[in-house]
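Peer 1: Would you mind keeping the following structure in view while I ask a few things?
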There are 2 protein chains.
Amino acid sequence: MGRSNIKVDRVFHALGDPTRRAIVERLSDGAVAASALAKPLGITVAAVIQQLQILEKSGLVRTEKTGRVRTCRMEPEGLSVAEQWIGERRSVWEQRFDRLGELLEEE
Amino acid sequence: MGRSNIKVDRVFHALGDPTRRAIVERLSDGAVAASALAKPLGITVAAVIQQLQILEKSGLVRTEKTGRVRTCRMEPEGLSVAEQWIGERRSVWEQRFDRLGELLEEE
């Protein structure tokens, strides 16, 4: 399995969890401290940190610690990996329909 | 958790597995019998059937049994669910950058 395949695995796996998606949804609207994510999600700060690690490894989130505050931001790279994979499948699928259409027109 | 959230879970979870992605990749290029998927993927027909069930539930694949042959096709609905979720995140994120740009220009 190539390196890019592992990356695609990680991104889709990360997005398959509603709590992790809720974190990405929150961060797409602006940077926030990790501790501030816990309450609205109804989970502990420790659980937030655990989910953030998975999101960071998949390139969906970036975190930075300054003093005692860990600031979290959305990282668009992970979304691009998923978009590219989906876009390629759709493109192959649509091209096949175009070819079918041309064949029917030639009849 | 709403119905659409469950659907998004299912689609991303389904796409987080390299074997299931390989099936979707193969099917985006045309319909094929379930039994014909096993050999190139190096898995048993029983394993293919198991993966197809997950893909069907997530709206990524459609299968139809005629006599003894189960034909599999790509179903674009599942891809649309994933594309929509990703697109919304990207859109919110980009709008925020546009607003920041406008604020900086006003300075």
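Peer 1: What number of residues within the range A:14-42 are touching an Asp or Glu at 6+ places or on another chain (Cβ under 8 Å) and open to solvent by 50 Å² or more (accessible area, probe 1.4 Å)?
Peer 2: Final tally of qualifying residues: 0.
Peer 1: Hey, another quick one. A:Arg73 fails exactly one of the following numbered conditions: (1) farther than 28 Å from B:Asp17 by Cβ; (2) more than 14 Å from every other protein chain (Cβ to nearest Cβ). What is the number of that condition?
Peer 2: Of (1) farther than 28 Å from B:Asp17 by Cβ; (2) more than 14 Å from every other protein chain (Cβ to nearest Cβ), only one is false for A:Arg73: (2).
Peer 1: Is there any pair linking a residue in the range B:77-99 that is of a type in the set (A, V, I, L, M, F, W, C) to one that is open to solvent by 50 Å² or more (accessible area, probe 1.4 Å), with Cβ under 7 Å and at least six apart or on different chains, and which?
Peer 2: B:Val81/B:Lys7; B:Ile86/A:Glu83; B:Val92/A:Asp29
Peer 1: Right, next: Residue under question is B:Gly87, and the condition is that it be more than 21 Å from A:Arg96 (Cα to Cα) and either part of a helix (DSSP H, G or I) or away from every other protein chain (no Cβ under 14 Å) (or both); does it hold?
Peer 2: Details: more than 21 Å from A:Arg96 (Cα to Cα): yes; either part of a helix (DSSP H, G or I) or away from every other protein chain (no Cβ under 14 Å) (or both): yes.
Spelling it out, B:Gly87 is indeed more than 21 Å from A:Arg96 (Cα to Cα) and either part of a helix (DSSP H, G or I) or away from every other protein chain (no Cβ under 14 Å) (or both).
Peer 1: Of all residues in the range B:54-72, count the ones that are in a helix (DSSP H, G or I) and buried (at least 19 other Cβ atoms within 10 Å of the Cβ).
Peer 2: The total comes to 1.
Peer 1: Scanning the range A:39-87 for residues that are polar (S, T, N, Q) and under 9 Å from the mean Cα position of the chain (by Cα), which turns out farthest from A:His13 (Cα to Cα)?
Peer 2: Selected residue: A:Ser80.
Peer 1: Is there a residue in the range A:73-83 that is open to solvent by 40 Å² or more (accessible area, probe 1.4 Å), in contact with a strand residue (DSSP E or B) (Cβ under 7 Å, 6 or more places away or on another chain) and not aliphatic (A, V, I, L, M)?
Peer 2: Within the range A:73-83, one or more residues are open to solvent by 40 Å² or more (accessible area, probe 1.4 Å), in contact with a strand residue (DSSP E or B) (Cβ under 7 Å, 6 or more places away or on another chain) and not aliphatic (A, V, I, L, M).
The values are calculated or read from the model by the stated rules, or taken from the named source; none is laboratory data. Note that the coordinates shown come from a computational prediction; the quantities given were computed from them, not determined experimentally. Reconstructed Cβ throughout: ideal geometry from the backbone, glycine too, with neighbour counts over all protein chains shown. Only protein heavy atoms, including side chains, enter the accessible area calculation; ligands, DNA and RNA are left aside. Shrake-Rupley method; radii C 1.70, N 1.55, O 1.52, S 1.80 Å.
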